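In what follows, a single structure is set out as structure tokens and then discussed.
The values are calculated or read from the model by the stated rules, or taken from the named source; none is laboratory data. All figures in this text were calculated on a predicted structure; none of them were measured in a lab. A quick note on method: Cβ atoms are made from the backbone with ideal geometry, for glycine too, and the neighbour counts reach across all protein chains shown.
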Amino acid sequence: MNTNALAPQLIEAVWAHGRTLPEADPAHLRQDACGAWMRREQFGREDSDFGWKIESIAAGAQTPENLRPFHWRNGYDIAEGAPHCRVRADRAGVPAEKYARPPRNCPA
């Protein structure tokens, strides 16, 4: 998807579909369907640990209902109806009841 041609309102609406967590400010940090961290201000960046893109999750119109935010290395296969996860949040060494600070990603 051409990130330069997207309206800011559409980008914001898709960002709202990202998973929010209590330990992160949802205006800046969210997770995709694979659990990978994304930073709002890094939309369209493929040179970042937290860069993200917009993926279609259904055939048809490019509306917020059919679009989702994904870490730039992850994606969605419409035919399979499932995300393809190559990156996820890294919780290595973090007890279940604790938050990873700062948020970090690792290969899936």
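Give just the number: which of (1) touching a strand residue (DSSP E or B) at 6+ places or on another chain (Cβ under 9 Å); (2) closer than 20 Å to ALA7 by Cα does GLU65 not satisfy?
The number of the failed condition is (1).
In the range 8-67, which residue that is within 20 Å of ILE78 (Cα to Cα) and of a type in the set (Ser, Thr, Tyr) is surrounded by the most Cβ atoms within 10 Å (Cβ to Cβ)?
This residue is SER56.
Determine whether ALA33 is in a loop (DSSP other than H, G, I, E, B) and either among the acidic types (Asp, Glu) or modelled with pLDDT under 95 (or both). Before the answer, list the steps.
Details: in a loop (DSSP other than H, G, I, E, B): yes; either among the acidic types (Asp, Glu) or modelled with pLDDT under 95 (or both): no.
No; evaluated as a whole, the condition is false for this residue.
In this structure, does PRO83 turn out to be in contact (Cβ under 8 Å) with a residue 40 or more places away in the chain, buried (at least 17 other Cβ atoms within 10 Å of the Cβ), outside any loop (DSSP other than H, G, I, E, B) and touching a helix residue (DSSP H, G or I) at 6+ places or on another chain (Cβ under 6 Å)?
Against the criterion (in contact (Cβ under 8 Å) with a residue 40 or more places away in the chain, buried (at least 17 other Cβ atoms within 10 Å of the Cβ), outside any loop (DSSP other than H, G, I, E, B) and touching a helix residue (DSSP H, G or I) at 6+ places or on another chain (Cβ under 6 Å)), PRO83 does not qualify.
Within the range 15-26, can you find the residues that are of a type in the set (A, V, I, L, M) and in contact with a Phe, Trp or Tyr (Cβ under 9 Å, 6 or more places away or on another chain)?
Scanning the range 15-26 gives LEU21, ALA24.
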